[in-house]
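Heads up, the thing below is written out as structure tokens.
What follows is calculated from the coordinates using simple rules that are stated; it is not laboratory data. What you see is a predicted model; the values in this text were computed from it and never measured. Here the Cβ positions follow ideal geometry from the backbone for every residue, glycine too, while neighbour counts run over all protein chains shown.
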């Protein structure tokens, strides 16, 4: 079994319900939950005049390959109403976004998939929930813990606790 680190988020519709559905679909298709963060409300990254996001980090135990995971994630996003617009440059509001952050300490760089996610170190909305569940994980490229990356992060956007995970 391998550990898969994901960040989920969305800023359209019933954000909390959509995240819950996404997590259930991931359990059905990808693997069992190992750790799950609280919910965080975050300013929209890379967007102006957009609603705030709800974000949550989840670690799964999985037997799947990175590319099988990517395929499942894209199908779940589509099932939950995510529409990818190739004509839009930059970021846009969405009901669900699921990013693969880490798969154990594997490093993958292809045109379809980059693991670790290349922007982890620049985003509070990723680092804050991740640090809640595994602050001592060592980033396989930077060779620093997640908490060290968070302490160095210059992201000015606010990430605040929305709902504590009671598990």
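Some values worked out for this structure:
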| read-out | value |
| --- | --- |
| Within the range 94-107, tally of residues that are under 13 Å from residue 140 (Cα atoms) and assigned to a strand (DSSP E or B) | 3 |
| Members of the range 133-163 found to be under 25 Å from residue 50 (Cβ atoms) and in a loop (DSSP other than H, G, I, E, B), listed by number | 153, 154, 155, 156, 157, 158 |
| Any chance residue 74 is without any contact (Cβ under 8 Å) to a residue 24 or more places away in the chain and surrounded by fewer than 20 Cβ atoms within 10 Å (Cβ to Cβ) | yes |
| Residue under evaluation residue 126, criteria (1) surrounded by 14 or more Cβ atoms within 10 Å (Cβ to Cβ); (2) more than 23 Å from residue 159 (Cα to Cα), criterion not met | (2) |
| Matching residues in the range 108-125 - criterion: being over 21 Å from residue 34 (Cβ atoms), outside any strand (DSSP E or B) and free of Cβ contacts under 8 Å to residues at least 40 places away in the same chain | 110, 111, 118, 119, 121, 122 |
| Qualifying residue in the range 52-68 (condition: part of a loop (DSSP other than H, G, I, E, B) and in contact with a helix residue (DSSP H, G or I) (Cβ under 6 Å, 6 or more places away or on another chain)) | no |
| Some residue of the range 107-115 being in contact with a strand residue (DSSP E or B) (Cβ under 9 Å, 6 or more places away or on another chain) and surrounded by 19 or more Cβ atoms within 10 Å (Cβ to Cβ) | yes |
| In the range 146-163, the residues that are in contact with a helix residue (DSSP H, G or I) (Cβ under 9 Å, 6 or more places away or on another chain), surrounded by fewer than 19 Cβ atoms within 10 Å (Cβ to Cβ) and within 19 Å of residue 104 (Cα to Cα) | 147 |
| Number of the condition not met by residue 52 [criteria: (1) touching a residue at least 60 places away in the same chain (Cβ under 8 Å); (2) under 23 Å from residue 14 (Cα atoms); (3) in contact with a strand residue (DSSP E or B) (Cβ under 8 Å, 6 or more places away or on another chain)] | (1) |
| Number of positions in the range 1-51 that are over 24 Å from residue 146 (Cα atoms) and not in a loop (DSSP other than H, G, I, E, B) | 12 |
